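S.K.: Shown below is the structure under consideration.
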Amino acid sequence: MALAEDGKQIEANALLATAKSGIPILVKGLPDRSVDYLIIQDGPQIAEYAISPICTQLFRMYSRVGS
């Protein structure tokens, strides 16, 4: 289940009725209440993947400190 920024559950049909292909949509809860972006493809349809906004520079910094 994905949640909108306001915490309400997202209904796929309502989302697709207003979504534009190629514009990511911020959601919560995919998985573990994380923040991710749904990808809308032509159709429109929701892609089988999402994008997680993780800063790879911070990951690299923390992984070096732990080494």
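S.K.: So, of the residues in the range 39-64 that are among the aliphatic types (A, V, I, L, M), at pLDDT below 90 and under 30 Å from Ala17 (Cα atoms), which turns out to be most open to solvent (accessible area, probe 1.4 Å)? Lay out the reasoning, then the answer.
M.R.: Let us first name the residues in the range 39-64 that are among the aliphatic types (A, V, I, L, M), namely 39-40, 46-47, 50-51, 54, 58, 61.
Those left that are additionally at pLDDT below 90: 50-51, 54, 58, 61.
Filter again for under 30 Å from Ala17 (Cα atoms), leaving 50-51, 54.
On the way: Ala50: 47, Ile51: 82, Ile54: 121 Å².
Among residues in the range 39-64 that are among the aliphatic types (A, V, I, L, M), at pLDDT below 90 and under 30 Å from Ala17 (Cα atoms), the one most open to solvent (accessible area, probe 1.4 Å) is Ile54.
S.K.: Right, next: Consider only pairs whose beta carbons are under 8 Å apart and that are at least six residues apart or on different chains; among these, list those whose first residue lies in the range 7-32 and is in contact (Cβ under 8 Å) with a residue 24 or more places away in the chain and whose second residue is of a type in the set (Asp, Glu) and open to solvent by 40 Å² or more (accessible area, probe 1.4 Å).
M.R.: Matching pairs, first to second residue: Lys28/Glu5.
S.K.: For the range 1-35, which positions are open to solvent by less than 90 Å² (accessible area, probe 1.4 Å), touching a strand residue (DSSP E or B) at 6+ places or on another chain (Cβ under 9 Å) and outside any loop (DSSP other than H, G, I, E, B)?
M.R.: Selection gives Leu3, Ala12, Leu15, Leu16, Ile25, Leu26, Val27, Lys28, Val35.
S.K.: Taking Ser67 as meeting all but one of (1) open to solvent by less than 90 Å² (accessible area, probe 1.4 Å); (2) polar (S, T, N, Q); (3) more than 14 Å from the chain's Cα centre (by Cα); (4) at pLDDT below 90, write down the number of the exception.
M.R.: Just one mismatch for Ser67, condition (1).
The values are calculated or read from the model by the stated rules, or taken from the named source; none is laboratory data. As the structure is a prediction and not an experimental result, all values here were calculated from the model. In this analysis, Cβ positions are derived from the backbone assuming ideal geometry, glycine residues included, and neighbour counts consider all displayed protein chains. The accessibility values were calculated without ligands, DNA or RNA, using every heavy atom of the protein model including side chains. Shrake-Rupley method; radii C 1.70, N 1.55, O 1.52, S 1.80 Å.
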